[in-house]
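Notes follow the structure.
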Amino acid sequence: MLTVKNINQFYGGSHILRDVSLEARPGQVTVVLGRNGVGKTTLLKSLMGLVPIREGSIEFDGKAIQKDTPYERARAGIGFVPQGREVFARLTVEENLRMGLAYRKAGTPIPAELFELFPVLKQMLGRRGGDLSGGQQQQLAIARALAASPRLLVLDEPTEGIQPSIIKDIGRVIRMLADRGEMAILLVEQYYDFARELADEYLVMERGEVIARGRGKDMEADGVRQMVAI
Ligand SMILES: Nc1ncnc2c1ncn2[C@@H]1O[C@H](COP(=O)(O)OP(=O)(O)OP(=O)(O)O)[C@@H](O)[C@H]1O
Ligand SMILES: [Mg+2]
């Protein structure tokens, strides 16, 4: 579904991403691991069109999208959950969810299923985003991305700063979405145990390069834990 080939990205004179290639397939969770500052977020922003790439290609459903705007990529079916969540603090939960529908036809209802995935959001529809706990905000950010029914869901460190019980809930939702078989999931994560539990495929980045990749079930044997240990 998503095929990324040899992306190179620069911030000014700094060469950040070096020949990064990856694939994300329907029904699978592809996890990108790596320590702080190796370029994980820059990779996701490049995929979303939020930062320009200098070289390389990005194909989504067989179509080159590397010149498309972020809006066009979202419309094409890529949902993004940014690092740090970025929920609209002054908007209510309901309004935040409606923002996720901005790419769809006017009047498209919020899918009821979102409240089955994240029941807490239903109780909090009228609350402001900024009044939610960190974990609730993360669930809201995921639900907002899911509102537009993406075929590829991209998440940047969804467990960062979140309590264990909510991490479990988020993991369950990610697994369930993948197991339905239609959605591809690309997950950036530093929390090794969470990543290993979910990964069908993994990649490890270091200084902007992919230094290891393989099947999720081989992560332990491949020594990935040591590669990302701080
Ligand atoms: N807007 C920017 N301008 C210049 N350099 C940047 C910018 N954003 C990030 N960088 C640099 O690019 C490199 C990669 O950063 P990036 O945020 O992609 O890392 P990361 O792997 O997501 O880190 P973390 O795990 O802390 O989120 C870092 O050296 C960072 O300092
Ligand atoms: Mg990051």
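Each reported figure results from applying straightforward, stated rules to the coordinates on display, with no laboratory input. All values derive from a computational prediction rather than experimental measurement. Cβ sites come from the backbone with ideal geometry, for glycine too, and all protein chains shown count toward neighbours.
Using 0.36 nm per residue, how much length does the chain from Arg25 to Arg225 gain when fully extended, once their Cα-Cα distance is taken away? Can you show the working numbers first?
Values: separation 200, 0.36 × 200 = 72.00 nm, distance 2.39 nm.
The span from Arg25 to Arg225 would gain 69.6 nm if fully extended.
Can you give the net charge of the other residues whose Cβ lies under 14 Å from the Cβ of Val51, counting K and R as +1 and D and E as -1?
+2
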Cα-projected label distance for Gln163 with Lys5, points at 7 Å along beta-carbon direction, nm: 4.8 nm
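On average over all directions, what projected area in square nanometres does segment 182-222 have, based on the convex hull of its Cα atoms?
Numbers: hull surface 12.9 nm².
With the hull built on Cα positions only, its mean projection is 3.2 nm².
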Let me check I've understood the local charge: for Ala229, count other residues with C-beta under 15 angstrom from its C-beta, Lys and Arg +1, Asp and Glu -1. What total comes out? -2
With all pairs of different alpha carbon atoms counted, what Kirkwood hydrodynamic radius in Å does segment 103-208 show? 14.9 Å
Ile16's amide H: which non-local residues (gap 5+, or another chain) put their own amide H closer than 5 Å, with H modeled 1.01 Å from N in plane and none for Pro or chain starts? Gln9, Phe10, Tyr11
Quick one: helix 134-146 against the long Cα principal axis of the chain, what's the angle to the nearest 10°, folded into 0 to 90? 90 degrees
Pick from Arg128, Arg196, Arg90: which is most flexible by mean-square fluctuation in a GNM of the chain where alpha carbon atoms under 10 Å apart are linked? Arg90
Under Stokes-Einstein, with the Kirkwood radius over Cα pairs standing in for Rh, what whole-number D in µm²/s applies to the chain at 37 °C and 0.692 mPa s? 184 µm²/s
Could you give the nm distance between label points at Arg75 and Arg127, where each point is 7 Å from its Cα heading toward the beta carbon? 3.5 nm
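In debye to the nearest 20, how big a dipole does the chain give about its Cα centre with +1 on each Lys and Arg Cβ and -1 on each Asp and Glu Cβ? Walk me through the intermediate numbers first.
Working: 31 positive and 29 negative charges, 107 e Å.
Dipole size: approximately 520 debye.
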Go through Gly181, Gly107, Ala143 and say which Cα lies farthest out towards the positive end of the charge dipole of segment 87-186; charges sit on Cβ, +1 for Lys and Arg, -1 for Asp and Glu. Gly107
Between their Cα atoms, which of Lys63/Lys122; Lys5/Lys217; Lys168/Lys217; Lys5/Lys67 are more than 26 Å away from each other? Lys63/Lys122
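Do any GluC sites (Glu not before Pro) in segment 136-230 lie in a loop, going by DSSP, with at most 13 other beta-carbon atoms within 10 Å of their beta carbon, and if so which? All intermediate terms of the calculation are to be shown ahead of the outcome.
Numbers: sites: Glu160, Glu182, Glu189, Glu197, Glu201, Glu206, Glu209, Glu220; in loops: Glu160, Glu182, Glu189, Glu220.
Hits after loop and neighbour filter: Glu182, Glu220.
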